[in-house]
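Engineer: My questions will all concern the structure given below.
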Amino acid sequence: MQEMQQNTIQQTDVMIIGAGPSGSSAAALLRKKGFKVTIIEKQHFPRFSIGESLLPQCMVFLEEAGFLDTVCEHVEKCAFQFKNGAAFLRGQQRSFYDFTQKFSAGPGTTWQVRRADFDRLLAEQAQALGAEIRFGHEVIAVDVETVHPILTIRSEQAEVYQLQAKFLLDASGFGRILPQFLNLESPSNFPVRRALFTHIEDGIGNNPEFDRHKILITVHDKDHRAWYWLIPFADGRSSFGVVAEQDFFDAYLTGNAEQDQNEVLLKRILADDMSLSNVLAQAKFDTPVRTLVGYSANVKHLAQSNYALLGNAGEFLDPVFSSGVTIALKSSSLAIPLVERVLHGEQVDWLTEYEQPLRQGINVFRAYVEAWYTGEFQDVVFSRHKNPDIERMIASLLAGYAWDMQNPMYKNAKRRLATLAEYCREALPLEQALGN
Ligand SMILES: Cc1cc2nc3c(=O)[nH]c(=O)nc-3n(C[C@H](O)[C@H](O)[C@H](O)COP(=O)(O)OP(=O)(O)OC[C@H]3O[C@@H](n4cnc5c(N)ncnc54)[C@H](O)[C@@H]3O)c2cc1C
C-alpha cells in the first residue's frame, strides 16, 4: 500500500473515534457549546449495526443532543416502529411490561429502528450542528502521553496523517480502540455468549396474539439459558436473533457444513420452539444471517485527564434488555459537561464525576441481566403473583431508567431481585419482598 505521511499535525478541540450513537451525540452536545469537533469514522453511512430496540430513556438524551425532531420527522419514511413495552414468552407462559405505567418520571415510549437509518440520521444531525465527520478514515494509532492526545489516521486513499486535540473521546463501539491500544481491556464477568441474527419479512400480519408495539423476548422452550429476540419494524419486517452459550449451539450442529450454515442453523433452532415458530410460521428469511461471539466487554477505567471512553468502547453487558444504545447516549450526556470544563482549564475528577455515576446505572442493568440468566428474573417475569407497584418499578428498569435512584428496586438490586424471585415462587410474604 502506498502511504503518504503528512508532516503537520492537524488540530481540533475534541476528536471522537466513531460516529455511532455515542460519538454523534457527544459531537452534537459539544457543538452546542461551540467547540470544534472532528469525528473519525472508518465506515461509510448508512452501515449495518445490530441493536434496533431503543428504550424510552433514550428519548431524553436524543432531545438533549438536538436529535429528537429529526428522528420524529423520519419515523414513517424509515419505518421506525412505535414501542411501548416488552413482551415475554416461555412455552405457554406470556407476560408483558407496559413502559407507560413505569415508576420513574420521563417518556414511556420510543421506537424500534433499523440502525443503519437511525445512526445515519444522528450523524447527519451532528454534521448539521457543525461537527466534521471524516467517513472512511480509520484510527490506526493513539498517543495519550502528550498533554493533548494525538491520533494517527489512515484514509481510504492510504494517506496517513495525525490529528491532535485537547481531548479525545473513544466512541468506537466494538472496535474498542483505546481498550486495545492502551491495554485497558478487563474481562467481563459474563460467560462468552453468541448471537445469531438477521432481518426477516416476518409475515405476522394481523395476528391478534402479537403486539408490534413491543419487543418480544422468548425463552427457549427446553433450555432457559437461551432466548430469542423479535424486534418488529413498521413495514412488516423484523430483526430476529437467538442468544446462548456455545454449547447450546453445538447441540444443534450436524457436522455437515451445508446443514450448519448460519441460516439453516437459525431456522433449526427456531423450529425447536413451538410458541415462537407459530408466531413466525409465515416468515421469509431473505437476508444473510450474521453471528457475533463474545461481545460482553469491560475496561480497567473509563477516563483519564485527556481522554474518556463512551458507550460500547467502555463496557458492554448483554443484549437481553436492549440497554446498549441507552448506555451509549447516557455516557455522552454525562461526559460532555466534564469535557467542557477540561476545555476551560478546570480540573475534573473523572472517577467520581463520570465513571462512578455511569457505572451505577450499568450495575443495575447488570443485576437484572445476571438474574435473567440464573432464572431468578425469569421467575419474576412469568410469575402469577403480579404486584402493581413492583411491576411499575420493573417497567422502569426495562424502559432504561437505570439511574433513577428513587426506584426502590434499584438499591441492592441483586439482593432485591433474589428476594422477589422467592416471593414469586410463593415462598415469601410480599412485605418481605418489598421491604428495605
Ligand atoms: C447481539 C446484540 C444485540 C444488541 N441489541 C441491542 C438492542 O436491541 N438495543 C440496544 O440499545 N443495543 C443493543 N445492542 C448494543 C448496541 O449495538 C451497542 O450498545 C451500540 O451500538 C453502542 O453504540 P456506540 O456508539 O457505543 O458504538 P457503535 O454503534 O458500535 O459505533 C462505533 C463506530 O465506531 C467506528 N469505528 C470502530 N473502529 C474504528 C476505528 N479504528 N477508526 C474509526 N472508526 C472506528 C465503527 O465503524 C462504528 O461506526 C446489541 C448488541 C449485540 C451484540
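Engineer: Which residue, chosen from Leu292, Cys78, Val219, occupies the Cα position most advanced towards the positive end of the dipole of the chain, where the dipole is computed from +1 (Lys, Arg) and -1 (Asp, Glu) charges on Cβ about the Cα centre?
Structural biologist: Val219
Engineer: Pairs of alpha-carbon atoms within less than 8 angstrom and 6+ residues apart define the contacts here; what relative contact order does the chain have, in percent? Mind showing how you got there, number by number?
Structural biologist: On the way: 878 pairs, mean separation 90.9, N = 436.
Computed value for the chain: 21 percent relative contact order.
Engineer: Relative to the longest principal Cα axis of the chain, at what angle does helix 21-32 sit, 0 to 90 degrees, rounded to 10?
Structural biologist: 50 degrees
Engineer: What's the angle, to the nearest 10 degrees (0 to 90), between helix 356-374's Cα axis and the longest principal axis of the chain?
Structural biologist: 30 degrees
Engineer: Using +1 at the C-beta of Lys and Arg and -1 at the C-beta of Asp and Glu, which of Val37, Ile231, Ala128 has the Cα lying farthest in the positive direction of the dipole of the chain?
Structural biologist: Ile231
Engineer: Evaluate the charge dipole of the chain about its Cα centre and quote only its size in Debye, nearest 20, assuming +1 on the Cβ of each Lys and Arg and -1 on the Cβ of each Asp and Glu.
Structural biologist: Working: 42 positive and 53 negative charges, 104 e Å.
So the magnitude is around 500 debye.
Engineer: Where does the charge balance sit around Gln43 when Lys and Arg score +1, Asp and Glu -1, over other residues with C-beta under 14 Å from its C-beta? Please report the intermediate quantities before stating the final value.
Structural biologist: Working: positive: Lys42, Arg47, Arg115, Arg120, Arg134, Arg154; negative: Glu41, Asp119, Glu138, Glu156.
Net charge in that neighbourhood comes out at +2.
Engineer: For segment 292-305, just list the computed ³J(HN,Hα) in residue order, Karplus coefficients 6.51, -1.76 and 1.60, θ = phi - 60°, integers in Hz, with x standing in for Gly and Pro.
Structural biologist: Ordered by residue, 3J(HN,Hα) equals 10, 10, x, 7, 5, 8, 8, 9, 5, 8, 9, 6, 9, 5 Hz.
Engineer: Here's something else I'd like to know. When every alpha-carbon pair in segment 193-293 is counted, what percent end up more than 22 Å apart? Each step should come with its number before you reach the end.
Structural biologist: Values: 1245 of 5050 pairs.
For segment 193-293, the share of Cα pairs beyond 22 Å comes to 25 percent.
Engineer: A further question follows. How do Glu426, Glu245 line up, fewest other C-beta atoms within 10 Å first?
Structural biologist: Details: Glu426 9, Glu245 16.
Going from least to most buried by this count: Glu426, Glu245.
Engineer: Give me the extension gain from Ser275 to Gln10: residue separation times 0.36 nm, minus the current Cα-Cα distance, reported in nm with one decimal.
Structural biologist: On the way: separation 265, 0.36 × 265 = 95.40 nm, distance 5.77 nm.
Going from the current span to full extension adds 89.6 nm.
Engineer: Ranked highest first by average number of other Cβ atoms within 10 Å, how do 181-192, 155-166 line up? Present the calculation step by step, with values, prior to reporting the outcome.
Structural biologist: Working: 181-192: 13.6, 155-166: 15.8.
Ranking the peptides 181-192, 155-166 by packing returns 155-166, 181-192.
Engineer: Please report, in whole Å, how far the alpha carbons of segment 368-434 spread along each principal axis, starting with the longest.
Structural biologist: Sorted from largest, the Cα extents of segment 368-434 read 30, 25, 19 Å.
Engineer: Tell me the trypsin sites (Lys or Arg not before Pro) within segment 92-123 that lie in a loop according to DSSP and have at most 11 other beta-carbon atoms within 10 Å. Walk me through the numbers on the way to the answer.
Structural biologist: Details: sites: Arg94, Lys102, Arg114, Arg115, Arg120; in loops: Lys102, Arg114.
Passing both the DSSP loop test and the Cβ count: no residue.
Engineer: Based on Cβ point charges of +1 for Lys and Arg and -1 for Asp and Glu, what charge dipole magnitude is obtained for segment 193-293 about its Cα centre, in debye rounded to the nearest 20? Walk me through the numbers on the way to the answer.
Structural biologist: Details: 11 positive and 16 negative charges, 49 e Å.
Roughly 240 debye for segment 193-293.
Engineer: Students often forget the sequence filter, so: which lysines lie under 20 Å Cα-Cα from Lys222 once same-chain residues fewer than 8 apart are removed?
Structural biologist: Reachable lysines: Lys267.
Engineer: Can you give the translational diffusion coefficient of the chain in µm²/s, computed by Stokes-Einstein from the Kirkwood radius over Cα pairs at 4 °C and 1.567 mPa s? Before the final figure, lay out the partial values.
Structural biologist: On the way: Rh = 22.6 Å.
Here the translational diffusion coefficient equals 57 µm²/s.
Engineer: What does the charge add up to near Gln92, with Lys and Arg as +1, Asp and Glu as -1, over the other residues with Cβ less than 15 Å from its Cβ? It would help to have the intermediate numbers written out before the result.
Structural biologist: Details: positive: Arg90, Arg94, Lys222, Arg384; negative: Glu209, Asp221, Asp273.
Here the count lands on +1.
Engineer: Here is a follow-up. Normalising by the residue count of segment 193-293, find the relative contact order in percent from Cα pairs under 8 Å and 6+ residues apart. Don't skip to the answer; put the middle values down first.
Structural biologist: Details: 170 pairs, mean separation 42.3, N = 101.
The value is 42 percent.
Engineer: Cα-Cα over 27 Å: which of Lys102/Lys330; Lys42/Lys330; Lys77/Lys284; Lys83/Lys330; Lys42/Lys284; Lys300/Lys414? Display every interim value, and only then the final one.
Structural biologist: Values: Lys102/Lys330 19 Å; Lys42/Lys330 23 Å; Lys77/Lys284 22 Å; Lys83/Lys330 20 Å; Lys42/Lys284 32 Å; Lys300/Lys414 23 Å.
Over 27 Å apart, Cα to Cα: Lys42/Lys284.
Engineer: Next up: Can you give the relative contact order of segment 368-434 as a percent, counting alpha carbon pairs under 8 Å and 6+ residues apart?
Structural biologist: On the way: 48 pairs, mean separation 25.6, N = 67.
Once divided by the residue count of segment 368-434, the mean separation gives 38 percent.
Engineer: Report the one residue of His344, Pro357, Val369 whose Cα lies farthest in the direction of the positive end of the charge dipole of segment 333-372 (charges on C-beta: Lys and Arg +1, Asp and Glu -1; origin at the Cα centre).
Structural biologist: Val369
Engineer: Leaving out same-chain residues fewer than 8 places away, which aspartates and glutamates sit with a Cα under 14 Å from that of Lys33?
Structural biologist: Straight-line reach from Lys33, under 14 Å: Asp13, Glu64, Glu340.
Engineer: Measure nothing fancy, just the Cα-based angle from helix 413-424's long axis to the longest principal axis of the chain, in degrees from 0 to 90, nearest 10.
Structural biologist: Once rounded, the angle reads 10 degrees.
Every number here is computed from the coordinates shown, using simple stated rules; none is lab data. Not measured: the values here are computed from a predicted model. We place every Cβ from the backbone using ideal geometry, glycine too, and count neighbours over all the protein chains shown.
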